[in-house]
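Undergrad: The structure's right below; bear with me while I get my questions together.
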Amino acid sequence: MEQLMRDFFLFLSKNKTLTKLAKKYGLRFGASRFVAGETIEQAVKVIKQLNKKGLAVTVDYLGEFVDNEKEANEMANHCIEAIQAIGREKLNSQLSLKMTSMGLDISDDLVMKNMRRILETAKEHGVFVTIDMEDYSRCQKTLDIFKQLKTEYDNVGTVLQAYLYRTAADIEDLKDYHPNLRLVKGAYKESPEVAFPDKKDVDENFKKIIKMHLLNGNYTAVATHDDAIIEYTKQLVKEYNIPNSQFEFQMLYGIRPERQEQLVREGYTMRVYVPYGTDWYGYFMRRLAERPANVAFVLKGIFRK
Ligand code: FAD
């Protein structure tokens with residue numbers, strides 16, 4: 001049953017008509033629990049509140065799978081606007097983005113042009129940029145572009161997903177670039193040909209890649225809401241005397257906020273991923289797919305309105 005619901009929400013996340021309707025009718029139906037607003041001004045307000053609690057942020061202008069140049073350029077402009085706001089308001093925030101929203105599916109020239117524009121502005125304002133990892137079909141291309149950009153800019157990192165068989169090899173392959181990597185379980189529906197179908201294996205691989213990347217001496221963002229993985233990381237860094245300055249925890253806005261603050265109190269860097277923008281529908285559906293229990297929360301939200 002749970003698997004059926006997951007598949008259902010992942011299917012909905014890709015539905016173009018529903019995406020259009022969602023854009024038209026705004027932030028309703030409980031999405032506001034996971035999305036900071038539709039404008040940069042609304043996002044800045046949320047970031048300030050989180051920073052006040054000692055939480056660092058990575059902010060994301062929502063959008064993905066863009067298929068025309070004009071829209072890709074506009075998406076990049078939104079990222080630049082967010083970076084300028086971070087600089088102007090002196091926020092403790094990085095930026096996250098998706099390469100498909102910068103033109104990855106259109107042309108290499110376009111995506112490189114947009115990424116360089118963003119990274120130049122980010123460099124001026126001292127802002128770090130993380131390239132989110134999308135579905136498997138974009139993984140190799142994303143890593144190729146990341147490697148190229150990393151030779152030009154220090155302020156760029158990316159994400160590796162524990163559910164892919166290839167990820168341990170990618171950690172090794174990237175090691176000499178000394179990348180700041182966010183490690184996650186993985187949020188897309190992938191075939192058993194490329195990804196561990198069994199959750200237990202994903203968790204084991206997650207632990208394995210966290211250990212590999214930390215022991216390679218590289219900065220590691222452990223992005224999870226899973227206490228078992230958080231505890232594993234705490235024990236590992238203790239055992240190998242890895243300083244708190246070499247790693248951080250990350251969670252999504254609206255998920256386990258008390259746990260986030262508790263980790264800050266324990267002295268860890270805790271970064272919250274804060275999405276905003278009008279294109280919130282696909283992101284919201286993936287959150288529902290991850291945890292069908294969230295559906296109950298959302299339904300309560302709908303019936304309260
Ligand atoms: P799960 O297996 O989903 O959950 C494990 C346990 O965590 C649960 O059993 C429960 O105990 C606890 N838990 C989870 N949710 C809740 C909740 N709402 N309330 C209470 N307890 C809860 N994926 C990508 O593919 N690409 C990316 O670039 C990417 N970036 C991300 C950035 C951040 C900061 C984060 C946090 C996630 C990102 N993800 C990304 C999503 C990620 O891949 C997972 O889909 C998502 O984090 C869910 O996996 P999990 O590790 O939290 O564990």
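Undergrad: Holding the Cα-Cα limit at 21 Å, pick out from Lys48/Lys70; Lys48/Lys113; Lys150/Lys175 the pairs that are longer than that.
TA: Pairs exceeding the cut-off: Lys48/Lys70; Lys48/Lys113.
Undergrad: Ordering Ile230, Ile106 by accessible area with a probe of 1.4 Å, largest first, what comes out?
TA: Ile106, Ile230
Undergrad: Considering only protein heavy atoms, with the full assembly of protein chains and a 1.4 angstrom probe, order Asp226, Asp198 by accessible area, largest first.
TA: Final ranking, largest accessible area leading: Asp198, Asp226.
Undergrad: Would you mind checking Lys185/Lys207; Lys123/Lys185; Lys90/Lys123; Lys207/Lys238 for any pair whose Cα atoms are more than 18 angstrom apart?
TA: Lys123/Lys185
Undergrad: For the chain, compute Rg over Rh where Rg is the Cα radius of gyration and Rh is the Kirkwood radius from the inverse mean 1/r over Cα pairs.
TA: Using only Cα positions, Rg/Rh for the chain is 0.93.
Undergrad: Pop out the Kirkwood hydrodynamic radius of the range 168-240 from its pairwise C-alpha distances, inverse of mean 1/r, in Å to one decimal.
TA: Numbers: mean 1/r = 0.0769 Å⁻¹.
About 13.0 Å, per the Kirkwood formula over Cα pairs.
Undergrad: Shifting gears a bit: If each DSSP helix of 4+ residues adds -39,500 (n - 2.57) and the sum is divided by the residues in the chain, what number results at 222 nm, nearest 500 deg cm²/dmol?
TA: Rounded to the nearest 500, it is -16000 deg cm²/dmol.
Undergrad: Okay, moving on. With a 1.4 Å probe and all protein chains kept in place, how do His213, His225 rank by accessible area, largest first?
TA: Reading off the accessible areas and sorting them downward yields His225, His213.
Undergrad: Heavy-atom accessible area per residue, the chain, 1.4 Å probe: how many Å²?
TA: Ligands and nucleic acids excluded, the figure is 47 Å² per residue.
Undergrad: Once neighbouring chains are kept in place and the probe is 1.4 Å, which whole percent of the accessible area of the chain is contributed by carbon and sulfur?
TA: Values: 7440 of 14280 Å².
The computed percentage sits at 52.
Undergrad: Can you list residues from other chains, or at least 5 along the same chain, whose modelled amide H is less than 5 Å from the amide H of Val66?
TA: Ser101, Gly103
The values are calculated or read from the model by the stated rules, or taken from the named source; none is laboratory data. It should be emphasised that the depicted structure is a prediction, and the values quoted were computed from it without experimental measurement. Just so you know, the surface numbers come from the protein's heavy atoms only, side chains and all, with ligands and any DNA or RNA stripped out. Shrake-Rupley method; radii C 1.70, N 1.55, O 1.52, S 1.80 Å.
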